[in-house]
Amino acid sequence: ATDAGPGAWPPSAPLQPGSTLSLPRATAPGGKCGIGGVSVTVPAGAALLPPARPNAWVDLRPPAAPSPRYRSLLASDTRTGRVILFGGWDGAGLGGALNVTWSYDPATNRWTNRSPATHPDLSGPDCGVCFGTASMVYDSVANRVILFGAVQLPFGLPNQTWAYDPDANTWTRMHPASNPGYGHDFGLVYDAAADRVLYFGGGSITPHYYDIGSNRTWSYDYANDRWTDRAPAVSPPIRYGARQADDSTADRNLLFRGCTHGQGPWPGRQV
C-alpha cells in the first residue's frame, strides 16, 4: 500500500502471504484524529480466509486437503476449534478404506495429516466404514475423540471402542466389558452435561445387512471405560440412519427421522 496523503488512506488493501501493509501517520480533516506506526505483516505460508457472507456457503479452498472419500468420520474439537477426520472410503472396492487421521484448523484454513503411529483399522478383510458401521464424537471433558463400531467385517469380528487424544496425536484401544453390539447407521452423540457418549438405534447386521432397525439406548463413560444399556421405559420407535444432536442449553438429545427397515442396499420406510 502507498501513502494516500493526510486524511486519506486506502479503505482496503489486498494482502498476500509474506507481504507487509504499513499505514503512515495521517490526520483526518480538521485535525481531529490520527493514526501512525501501524504495520501488519502476513507470515509467509499463511492461509488467508475469504470474507464471510451471511446465509452463504464459501469455498475455503485450503492449500492441502484429504483426498475425496465417502463416509469419513468427523468430530469437532470444541476446545481448540479443530475438526478431526478419520477414515473414509475411496470407492476402490471393499478394500478401499482409508485409515488416516486429519485435523482441520478453521483459523488458518489448513488440513494436517496427523499420521499417528497406531489407529483403528476400518479396512480388510472387508470395508467396515463403507457400510456405515462406525461413528465418532468428541468428549469435551476428557478431550478425547471417541470412536465406536464394527470396525472390521465379516460379522464375526468384535466391535471396538477407541479414544483419540488430539494433543498427543495418539489413538488408544479401549476394552469395555460390554458394548451395544453390531449395528449400522446408528446415532452417536456426546452429552456434555452428563459427560457421556450416547448411542441410539441402528440397523441390524444379521441375517440381512439392511434389515429392521433397533431402538437401543446405550451410554459410554470414558473415565471408567464402561458401556451401559440404559433401557429407558419410553424411547423412539426402531430406526436406523437418523440424525442426532446435543442441545447443551436445554440439556436434551434431539433426534430426527430415520428408516425402519430395508431390503438389500435400499433404505426402508422413513419415520
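Computed from the coordinates by the stated procedures, all read-outs in this text should not be read as laboratory data. Keep in mind it's a predicted model, so treat the numbers as computed, not measured. Methodologically, a virtual Cβ is constructed for each residue, glycine included, from the backbone with ideal geometry; neighbour enumeration extends over all protein chains shown.
Using mean Cβ contacts within 10 Å as the protection proxy, how do 217-223, 160-166, 53-59 order, highest first? Could the numbers behind the result be given before it?
On the way: 217-223: 18.4, 160-166: 20.6, 53-59: 6.3.
Sorting 217-223, 160-166, 53-59 by mean packing, highest first, produces 160-166, 217-223, 53-59.
In what sequence, highest mean first, do 226-237, 68-79 appear when ranked by Cβ atoms within 10 angstrom? Intermediate results must be reported in sequence, preceding the final value.
Details: 226-237: 11.8, 68-79: 16.5.
Taking the mean over residues of other Cβ atoms within 10 Å, the ranking is 68-79, 226-237.
So, by mean Cβ neighbours within 10 angstrom, what's the order for 140-146, 81-87 with the highest one leading?
Details: 140-146: 18.4, 81-87: 20.7.
Going by the mean number of other Cβ atoms within 10 Å, highest first, we get 81-87, 140-146.
Which cross-chain or sequence-distant (5 or more) residues have an amide H under 5 Å from the amide H of R110, H modelled 1.01 Å from N in plane?
Close amide H contacts, sequence-distant or interchain: D105.
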